[in-house]
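See structure below.
The values are calculated or read from the model by the stated rules, or taken from the named source; none is laboratory data. Note that the coordinates shown come from a computational prediction; the quantities given were computed from them, not determined experimentally. Every residue, glycine among them, receives a Cβ derived from its backbone with ideal geometry; neighbour counts consider all protein chains shown.
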Amino acid sequence: MDLVVAGHPTPAAPGPVAVASAGARRRDRPAVADRDHRAVRGDLEQVFRRHYGTVVAVAARVLGGRSEAEDVAQEVFLSFGRSAVPAAEAGGWLSVAAAHTALNHLRSSRRRSDREAAVATGAPADVPDVADDVVTREGHAHVRAALAALPRTQAVALVLRHSGLSYADVAEALDLSPGSVGTTLRRAEAALRKELHP
Amino acid sequence: MNRHPSPGLLRRLVDEPAGVTDADRAHVAGCTGCLTEVAAAADDARAVRLALATPADAVDADAAWDRLSAALPDPLPAGRTAAARPSLRRGRAHRAGGVRRPLTAAVAFAAVLSVAGVAAANDWLPVFRTEQVAPVAFDSADLVALPDLSAYGTVEVTGDGDLHQAADPAAAAEETGLDVPAVAELPGGVVGEPTVQVGGQVSAVFTFSADLAAEAGAAAPPAGLDGSRVRLVAGPGVAQVWTSASGVPALVVATAVAPSADSSGAPFTTLRDYLLSLPGLPDDLAAQLRTFTADGTTLPLPVPTDLADSSPAEVDGTPATVLESRDRSMAAVVWVQDGVVTAVAGSLGADEVLAVARGLR
């Protein structure tokens, strides 16, 4: 699987995090609003065609649906197109950026959903819920809610590992020691499992 | 080792056992508490994997690229013009529509899920991961006598390796995730750029059958072995090939994820002893194999003694095996480091392949 990028350092965590934050701010604006005058890297189409399916799959694992995952992929590739990330590191960089951006979407959707619920009922917005446009499979709504509630490092490690990245790649992407990836993963899975079978 | 491995390490044992030391694995194999924790971790991992799974719908990359292109600032990426793109896109979209097979994708997804489920069910125990290679001498005439495993069970191969050419080492590295080594200095007589071949991962699952073994004249498998399975995984790999004017490979630098094996519960020694008892394996070869694979980390490298010599060497502090043809026309050096096997071979002398190997970067 070409997600495995052992031996090729992915960017340090701050890169994708910055991408993800920018992505969240742009969420409700049309993609065309992202036009700017910075140069677009020449290998964008090649990288896009090689990794698009992977980026969508990572985002879909977070969001549970394909449609919004494709929105996330657009944001991620727009950011990548303006970046100077070496082509050899593109796979890892894109996967990390997809996970962060999708988690941002998940959380912003939850906040919006909570606000809307509070307005509708007059009740405080403290009831866990997930926006309808995020969850396409009703039975997994609580899993997405639990995923959004996990510490960010745990959530990203979980998504990347279940998307096929090796422990070494996850460690590099998140600036963790390889030994602590298993611990992070174990905690995240135990927390999610409780939500599956409380 | 008496100290219990950390929960994180036990989690890694579930799906990346090659990252766990032998000492830790040995401890876990004999520790009820750790085995219980591994089973719990595997159970949680499987449940989460299923919960996070998404349908394996084919993505429409052409439509997505169109959408992205519309959001990109001009100028367009090098080599493409606004006038040229629409016709290009129509062509691709037409082809994409013709080849999308949702049913195929769904079946493939189900297959992947079932394999993942099996792997996470904790009924596969790592029995072998390559940490070093060691030559095993045999006569080339023995080749015809080596046991054909298909006579003793069923063999199911997944993946055909998908051998294909990559544009360059960087593309191969990106595709496989391997560090593709660069040759610092080519030996005399070897010139030019290499062609780069990439092969994917291949795995095979062998299921023992007591009935088939009996038909083949072998001793019945020990209790518990009948129906148990061994899974072998190798690759992906990358080979850089420099060809001489005559068309013969002058130099090959190959690197691949080293083979590993795991089994559905049968201990390594049980598997080894049964395999080595199969008819057709010469006694002296079986004796050598029994020695070399005692710790389950050594990949036996069969060397036909009538055609080649082997000798030990070192590449950057890692033990390596040098093979040299009897007529001294070809040589190779093979070693394993961090789960990756690397070989340098060619129509060269042993000192030349070693010089190339030690100069890789």
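Can you pull out the helices (runs of 4 or more DSSP H) entirely within region B:7-71 that have at least 1 residues that are within 8 Å of chain A (Cβ to nearest Cβ) and surrounded by fewer than 20 Cβ atoms within 10 Å (Cβ to Cβ)?
B:7-15, B:32-52, B:61-71
Which residues, taken from region A:144-186, are touching a Gly at 6+ places or on another chain (Cβ under 6 Å) and of a type in the set (Ser, Thr, Tyr)?
Hits for region A:144-186 are A:Tyr167, A:Thr183.
Kindly indicate whether any position in region A:131-143 is in contact with a helix residue (DSSP H, G or I) (Cβ under 6 Å, 6 or more places away or on another chain), at the interface with chain B (Cβ under 9 Å from one of its Cβ atoms) and modelled with pLDDT of 75 or more.
Within region A:131-143, one or more residues are in contact with a helix residue (DSSP H, G or I) (Cβ under 6 Å, 6 or more places away or on another chain), at the interface with chain B (Cβ under 9 Å from one of its Cβ atoms) and modelled with pLDDT of 75 or more.
Sort out which residues of region B:212-259 are over 30 Å from B:Gln165 (Cα atoms) and assigned to a strand (DSSP E or B), and write them in order of number.
Matches in region B:212-259: B:Arg229, B:Val230.
Considering region A:36-61 alone, what residues qualify as being buried (at least 20 other Cβ atoms within 10 Å of the Cβ), under 17 Å from the mean Cα position of the chain (by Cα), at the interface with chain B (Cβ under 8 Å from one of its Cβ atoms) and not aromatic (Phe, Trp, Tyr)?
A:Val56, A:Ala57, A:Ala60, A:Arg61, listed by residue number.
Restricting to region A:159-195, name every residue that is facing chain B (nearest Cβ under 8 Å) and at pLDDT below 85.
The answer is A:Pro178, A:Gly179.
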